[in-house]
Amino acid sequence: MNFNASLRRAIKTGTVFLGQKSTEKCIEEGKSRLVVVADNCPPDYRTFIGEKAGDCPVHTYNGSSVHLGKACGKPFVVSILAIADPGESDLLNLKSV
């Protein structure tokens, strides 16, 4: 699976929340099915999200928040995102890392 292509497909065809506040809200509302965290996200925030996510898998993106933003097709950094509906993407087949 090409992660970046699958992520863009999820953004185009599904429901993806970008950023810390949106991701936290998505998790709190129980909508999140997968959380993706950039490799350079602060360890304390990563731990916080891991605890908050509960049963929701958390995947560490192999790249910085700049690279994750580019993978999303956005002109800004993205340190964390939540996937509520993957659409036509196969991202939910990822194992949490």
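Rule-based calculations on the coordinates, nothing more; no lab input. These figures come from a predicted structure and were not determined experimentally.
Structure notes:
- Partner lysines for Lys70 [C-alpha distance under 25 Å; skip if fewer than 8 residues away on the same chain]: Lys12, Lys21, Lys25, Lys31, Lys95
- Bridgeable aspartates and glutamates around Lys52 (alpha carbons under 16 Å apart, same-chain partners fewer than 8 residues away excluded): Glu24, Glu28, Glu29, Asp44.
- Ellipticity at 222 nm from helices only: DSSP H runs of n ≥ 4 in the chain, each -39500 (n - 2.57), divided by the residue count, give -11500 deg cm²/dmol.
- Binned Cα-Cα distance frequencies in the chain - 10 Å width, integer %: 18, 57, 24, 0
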